[in-house]
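The next block holds one structure in the form of structure tokens; read it before the comments.
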Amino acid sequence: MSEELSRVRSAYERGRLRAAAPWALPPAALAYVSCSSCMRRDVVMAISLALSAMLVFCMWRGGVFGAAAKAGLAGGVLAWLVPVACPLPAACVAVGLATGLAIGALARTRASRRLEFVLVASCVAGLAGALGCVLVGLGSVAAMGAALALGAVPVALVPAARRA
Amino acid sequence: MDARERREVHELLVRLADGDRAALHPAFARVSPLVHRFCARVRGGAPDAADTAQEALLRVFARLSELDPSRDAVAWAIGVAAWECRTARRREGRRRAREGPPREERAEAAPAEPRDGGPSPEDAAMERELLEAAREVLGTLRPTDADTILEALGGERESGNLFRKRLSRALGRLRAEWSRRYE
């Protein structure tokens, strides 16, 4: 029984890893576009690898990590797209703040483990957004990250107003 | 397996599909006998029936990430096990075609092979499952409705107008109950 259970556990983990592996591809696609118009290719590649590893880990882990990674990637793609279309520092800050607010609002809909959700989703969105903001400059990447945290954390952590 | 038990197994498998490892042990304890029973029925007296069940169980858990939570997880698990049984039977068929079975194995494996013109073991097992489900649903109907359907099935009654109306009503209720449970 215990041997069979451990074989089943290994099969389950392998299956989850196999299902999570394709999530390494979206960062590669974002990085490909960023690399084509950016001089800092080493930075782009490093961010892309970190994002791929994080996405695969979160999807393999599942639960709140998986949900947060999906939400973070959706927000992160927007945060990547805006600076690619409009390469200005202000655009990075604005999109970082907007993504952070959206992640915070999403976290508030969760009954439990909000902080983990916000942290994971913000990290994923921040890394994806950084792939776009790196075209503007490393300062813009930092500004976008700060704006994202500023938007996400307070919204997620402020307790909901009680209804009368 | 009754509806409550089925729902519990479904919930365990859905939790596991979402990555909740705490559900692994209870899900294994509930799904393992189910898959072993199913494979034993489908593979009949095949010598590798236990191995097939093991493979099927591993396959069910390996593919859990693909589970759609809106669909019945028990039916999904049985579907995966059925596919594994079919694969094992084909593999065995190919092996037999290549080298031919030993005499004693031939005698043991004979019940697992489809009879000429008869249903295959998978079809027979599915038919048994279906009949069991039909019996279960029939048991929830009012006795008069169940009797009417059984009489019609057995051809025991002359088909008069009154009987036809009763049968139509009984079949309507059967259909509704079936949809409520399985659709």
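Does the range A:69-85 contain any residue that is basic (Lys, Arg), open to solvent by 40 Å² or more (accessible area, probe 1.4 Å) and under 30 Å from B:Asp51 (Cα atoms)?
Initial filter on the range A:69-85 (basic (Lys, Arg)): A:70.
Subset that is open to solvent by 40 Å² or more (accessible area, probe 1.4 Å): A:70.
In the following step, the residues that additionally are under 30 Å from B:Asp51 (Cα atoms) were identified as none.
Looking for residues that are basic (Lys, Arg), open to solvent by 40 Å² or more (accessible area, probe 1.4 Å) and under 30 Å from B:Asp51 (Cα atoms), one finds none in the range A:69-85, hence no.
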- prompt: For the range A:43-101, how many residues meet the condition of being away from chain B (no Cβ under 14 Å) and more than 13 Å from A:Val124 (Cβ to Cβ)?
  reply: 24
- prompt: Residue check: is A:Ala143 open to solvent by 20 Å² or more (accessible area, probe 1.4 Å), touching a helix residue (DSSP H, G or I) at 6+ places or on another chain (Cβ under 6 Å) and in a helix (DSSP H, G or I)?
  reply: yes
query: A:Met59 versus (1) closer than 25 Å to B:Val60 by Cβ; (2) at pLDDT below 90: which is the lone unmet condition?
result: (2)
query: Which condition number in (1) at pLDDT below 80; (2) of a type in the set (A, V, I, L, M, F, W, C); (3) surrounded by 11 or more Cβ atoms within 10 Å (Cβ to Cβ) is the one that B:Leu130 fails?
result: (3)
task: Kindly establish whether A:Cys92 is buried (at least 17 other Cβ atoms within 10 Å of the Cβ) and either in contact (Cβ under 8 Å) with a residue 60 or more places away in the chain or among the basic types (Lys, Arg) (or both).
output: no
query: In the range B:82-93, how many are open to solvent by 10 Å² or more (accessible area, probe 1.4 Å), within 18 Å of the chain's Cα centre (by Cα) and of a type in the set (Gly, Ala, Ser)?
result: 1
- request: Could you grab me the full set of residues in the range A:100-137 that are open to solvent by 40 Å² or more (accessible area, probe 1.4 Å), in a helix (DSSP H, G or I) and farther than 21 Å from A:Ala53 by Cβ?
  value: A:Leu101, A:Ala102, A:Ala105, A:Leu106, A:Arg108, A:Arg114, A:Leu115
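When you scan the range A:17-38, how many residues do you find that are among the small types (Gly, Ala, Ser) and within 14 Å of chain B (Cβ to nearest Cβ)? Outline the logic, then answer.
Applying the first criterion (among the small types (Gly, Ala, Ser)) to the range A:17-38 yields A:19-21, A:24, A:28-29, A:31, A:34, A:36-37.
Of the ones still in play, those that are also within 14 Å of chain B (Cβ to nearest Cβ) are A:19-21.
Result for the range A:17-38: 3.
I'd like to know if the range A:2-16 contains one or more residues that are more than 11 Å from chain B (Cβ to nearest Cβ), free of Cβ contacts under 8 Å to residues at least 60 places away in the same chain and within 30 Å of B:Asp68 (Cβ to Cβ). Step through it out loud before you land on a result.
Pass one, the range A:2-16, residues more than 11 Å from chain B (Cβ to nearest Cβ): none.
No, every residue in the range A:2-16 fails to be more than 11 Å from chain B (Cβ to nearest Cβ), free of Cβ contacts under 8 Å to residues at least 60 places away in the same chain and within 30 Å of B:Asp68 (Cβ to Cβ).
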message: What are the pairs with Cβ atoms under 7 angstrom where one residue, in the range A:66-86, is farther than 18 Å from A:Ala50 by Cα and the other, located anywhere, is in a helix (DSSP H, G or I) and open to solvent by 30 Å² or more (accessible area, probe 1.4 Å)? Sequence gap at least six, or different chains.
response: A:Val84/A:Val33
message: So in the range B:1-55, with the set limited to residues that are outside any helix (DSSP H, G or I) and within 11 Å of chain A (Cβ to nearest Cβ), which one is surrounded by the most Cβ atoms within 10 Å (Cβ to Cβ)?
response: B:Gly19
query: Filter the range B:56-81 for residues that are part of a helix (DSSP H, G or I) and surrounded by fewer than 18 Cβ atoms within 10 Å (Cβ to Cβ); which is nearest to the other protein chains (Cβ to nearest Cβ)?
result: B:Glu66
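The values are calculated or read from the model by the stated rules, or taken from the named source; none is laboratory data. On a predicted model such as this, the values are computed, not experimentally measured, just so you know. Glycine gets a Cβ as well: all are built from the backbone with ideal geometry, and neighbour counts include every protein chain shown. Remember, those area values only see protein heavy atoms, side chains included, never the ligands or the DNA or RNA. Shrake-Rupley method; radii C 1.70, N 1.55, O 1.52, S 1.80 Å.
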